[in-house]
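Participant: Below is one structure. I have some questions about it.
The values are calculated or read from the model by the stated rules, or taken from the named source; none is laboratory data. Because the structure is a prediction, the values reported are computed rather than measured. Here the Cβ positions follow ideal geometry from the backbone for every residue, glycine too, while neighbour counts run over all protein chains shown. What goes into the accessible areas is simple: the full protein's heavy atoms, side chains included, and nothing from ligands, DNA or RNA. Shrake-Rupley method; radii C 1.70, N 1.55, O 1.52, S 1.80 Å.
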Amino acid sequence: QVQLVESGGGLVQAGGSLRLSCAVSGIILSISINDMGWYRQAPGKQRELVAEITSGGTTNYADTVKGRFTISRDNAKNTVYLQMNSLKPEDTAVYYCNADIWWRGQWGDYWGQGTQVTVSS
């Protein structure tokens, strides 16, 4: 079974930094990974895209995080990262990792369990 395992959330003061990691685990020898990304969901709001990265390294960011967040990936480790700098209270949310994975003959949309990021003012 393929799983996305996130780590790195926590509590930080405004202006601080956090780094999120998401590793694909399971039967990784028989999978291919295409786009990977990070989404977030704040209380009472819809889940929104934060950043995404293709297998070739092309990136896309939400306007609200451009210049502050950086997404990267290590294809050898099947891992995607989100470096978050200059954090603001409005960045507080549960952050979810997402990946398009080829497994058992088809593409699937996989999600991590979510990690809480809380930014205090």
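Participant: Please specify each residue of the range 39-51 satisfying the condition of being of a type in the set (D, E, K, R) and open to solvent by 60 Å² or more (accessible area, probe 1.4 Å).
Facilitator: Matches in the range 39-51: 45, 47, 48.
Every residue, every condition in (1) assigned to a strand (DSSP E or B); (2) at pLDDT 95 or above; (3) in contact with a Pro (Cβ under 8 Å, 6 or more places away or on another chain), yes or no:
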position: 11; (1), (2), (3): yes, yes, no
position: 16; (1), (2), (3): no, yes, no
position: 20; (1), (2), (3): yes, yes, no
position: 33; (1), (2), (3): yes, no, no
position: 36; (1), (2), (3): yes, yes, no
position: 39; (1), (2), (3): yes, yes, no
position: 49; (1), (2), (3): yes, yes, no
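Participant: Let me ask something else about it. Give the residues of the range 59-105 that are modelled with pLDDT of 95 or more, of a type outside the set (Gly, Ala, Ser) and in a loop (DSSP other than H, G, I, E, B), sorted by residue number.
Facilitator: 63, 64, 65, 66, 68, 85, 87, 88, 92
Participant: Residue 75 passes all but one of (1) under 12 Å from residue 117 (Cα atoms); (2) open to solvent by 60 Å² or more (accessible area, probe 1.4 Å); (3) not small (Gly, Ala, Ser); which number fails?
Facilitator: Of everything listed in (1) under 12 Å from residue 117 (Cα atoms); (2) open to solvent by 60 Å² or more (accessible area, probe 1.4 Å); (3) not small (Gly, Ala, Ser), residue 75 misses just condition (1).
Participant: How many residues does the range 53-69 hold that are over 23 Å from residue 101 (Cβ atoms) and open to solvent by 60 Å² or more (accessible area, probe 1.4 Å)?
Facilitator: Residues flagged as over 23 Å from residue 101 (Cβ atoms) and open to solvent by 60 Å² or more (accessible area, probe 1.4 Å) within the range 53-69 amount to 4.
Participant: Still on this structure, please answer the following. Going by what's in this entry, would residue 15 be described as out of contact with any Ser or Thr (no Cβ under 7 Å at 6 or more places or on another chain), open to solvent by 20 Å² or more (accessible area, probe 1.4 Å) and not polar (S, T, N, Q)?
Facilitator: The answer is no for residue 15.
Participant: Which of the residues belonging to the range 85-106 are among the hydrophobic types (A, V, I, L, M, F, W, C) and within 18 Å of residue 67 (Cβ to Cβ)?
Facilitator: If the condition is that a residue be among the hydrophobic types (A, V, I, L, M, F, W, C) and within 18 Å of residue 67 (Cβ to Cβ), then 87 is the only one that fits.
Participant: Taking the range 78-120 as the search range and keeping residues that are touching a Leu at 6+ places or on another chain (Cβ under 9 Å) and of a type in the set (Gly, Ala, Ser), which one is nearest to residue 11 (Cα to Cα)?
Facilitator: Looking at the filtered set, the residue picked out is 120.
Participant: Counting only residues that are at negative phi and open to solvent by 40 Å² or more (accessible area, probe 1.4 Å), how many does the range 97-119 have?
Facilitator: To start, the set of residues in the range 97-119 that are at negative phi comprises 97-103, 106-113, 115-119.
Subsequent filtering for residues that are open to solvent by 40 Å² or more (accessible area, probe 1.4 Å) retains 100, 102, 106-107, 109-111, 113, 116, 118.
Residues that pass the stated criteria total 10.
Participant: Which of the residues spanning the range 18-38 are of a type in the set (Val, Ile, Thr) and open to solvent by 50 Å² or more (accessible area, probe 1.4 Å)?
Facilitator: 27, 28
Participant: For the range 23-66, give me each residue that is β-branched (Val, Ile, Thr) and without any contact (Cβ under 8 Å) to a residue 60 or more places away in the chain.
Facilitator: 28, 50, 53, 54, 58, 59, 64, 65
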